[in-house]
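Take a look at the structure set out below.
Throughout, read-outs are computed from the coordinates displayed, never taken from laboratory work. Owing to the predicted nature of the structure, the values given are computational and were not obtained by experimental measurement. Heads up, the Cβs are rebuilt from the backbone with ideal geometry, glycines too, and the neighbour counts pull from every protein chain shown.
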Amino acid sequence: MWKFRSGIAALGTSLLLLTIAPAGTAQARGLHIRIGGGPIGVVRSVAAMALGGPRGGRGRHIRLASDEATGSRADLARGADWVTRPLARVQVTAGAALAGWHGGRGSSGWWQHGDGGYGWVGPLFWPLAYHDIYDYALWGDGMGFWGYGYRDIYAAIFTPYDDDELARYLSASHGRRFRRQPSLERLCGDDVGELAALPIEQIRQSVRTSEEQRAVLDDLARASLEAEKTIRATCPTETAATPAARLAAMQQRLEAMKAAIARIRPPFEEFYERLDDEQKAQLAALNDQRRPFAPKVPAAQSCAPPDVLPWPASEIASKLQLGDAQRDALEVLSRMDALARNTLNFDCQPDDNLTPPDRLATADTRLDAMLDALKWVRPALEDFYATLSEAQKAQFDTIGAKRTS
């Protein structure tokens, strides 16, 4: 037990040094307590994450920097390698997700992931998807990747943003709250010539390779740039105004991610197979160095417990004053939603003892599960939505946007 507590303390101190901006930006927050008020605050926050959060863990939110710390999140995004740090990505994404949301200062959005990040940033689903895939496959940092699941489908059906807020994300001129946030294009991945190459550069720097191995790594580098472009092509250029349109955008993004993995996987596996034991140990050593700066979130926090995101069937029925046929269609949608939830919560995080190629294959399987869930929910939602009048659709669309936490 003493070793565990000492490790948590060391982890917290390291996290403070690497991830939190200098003293002037100490407003970033952890589990309802401030991170940045000295090492003690960080240790408590990281310890809470490692131990599963407050007792009971019901309805728990992880609070990152609020509007007053917007500058610190923008500063995180200025470095050339910020996307290689999972916690920096979480903070930047959280800042962007809340910048255009009506929840106000210090709020945690109800669609927040267990690690503090957000799957929906305005009209964009899965920002920084390329880097989340590589971080999990290469280093086992599943903090970003495994946060995605049922809650994102729920947030697509009951969007947390109203129409004006969604449109603002695509506007050329943002308001004051947007001014210092990374652009939607950058979160999509417009950095193909700069940041997209970083995972391969990390491998080059950490593993001493032969000329033959470098040729295979060059193939992987080319495949990686093509994969990033495939994902980047799904960056939204217009607002998805209906739940069905958001599910369609979500499906398109996931399919692009699968196509990206299919492009990367052959050279990725070939390169790893050509490494000898010493070289694999060099790669693992870098993983060990990174691990203190990317604390793992317990698997259960990647799931969406029913009491956190309850299906609002009674609220829908009462607000929309549904007829018998509409109630039947809603019942079908409710069953499909429950099936999607159970499927995606069945295995929220895989075995940690996997090789990089195995993790890439596991990521592909997880995307399959998410696509299966969407293919159950989306037709049922479209059928139900088609039965609604314009007035009923307007009522339905306010169910998620009115929630603040």
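Within 10 Å of each residue's Cβ, count the other Cβ atoms and sort 207, 332 from fewest upward. Before the final figure, lay out the partial values.
On the way: 207 19, 332 14.
Going from least to most buried by this count: 332, 207.
Take a quick pass over the stretch 126-401 and tell me how many lysine pairs come in under 27 angstrom between Cα atoms, counting only ones 8 or more apart or on separate chains.
So the count works out to 9.
Over the Cα atoms of the stretch 126-401, how large are the radius of gyration and the largest Cα-Cα distance (Dmax), in Å?
21.1, 70
Based on the Cβ-Cβ distance of residue 205 and residue 382, what FRET efficiency does E = 1/(1 + (r/R0)^6) give at R0 = 45 Å, to the nearest 0.05? Let's see the in-between values first.
Working: r = 48 Å, r/R0 = 1.08.
Efficiency, from the Cβ-Cβ distance: 0.40.
Counting other beta carbons within 10 Å of each residue's own, what order do 390, 238, 228 fall into, fewest first? It would help to have the intermediate numbers written out before the result.
Values: 390 7, 238 11, 228 26.
The fewest-first ordering by Cβ neighbours comes to 390, 238, 228.
Work out how much length residue 351 to residue 308 would gain on full extension: take 0.36 nm times their residue separation and subtract the Cα-Cα distance, in nm to one decimal. Can you show the working numbers first?
Numbers: separation 43, 0.36 × 43 = 15.48 nm, distance 2.54 nm.
Result for the pair: 12.9 nm of gain on full extension.
Given contacts defined as C-alpha pairs under 8 Å and at least six residues apart, what's the relative contact order of the stretch 126-401, whole-number percent? Each step should come with its number before you reach the end.
Details: 265 pairs, mean separation 91.4, N = 276.
Relative contact order comes out at 33 percent.
Residue by residue through the stretch 210-216, what is 3J(HN,Hα) from phi via Karplus (6.51 cos²θ - 1.76 cosθ + 1.60, θ = phi - 60°)? Round to whole Hz and write x for glycine and proline.
Running phi through 6.51 cos²θ - 1.76 cosθ + 1.60 with θ = phi - 60° gives 7, 4, 5, 5, 5, 5, 5 Hz.
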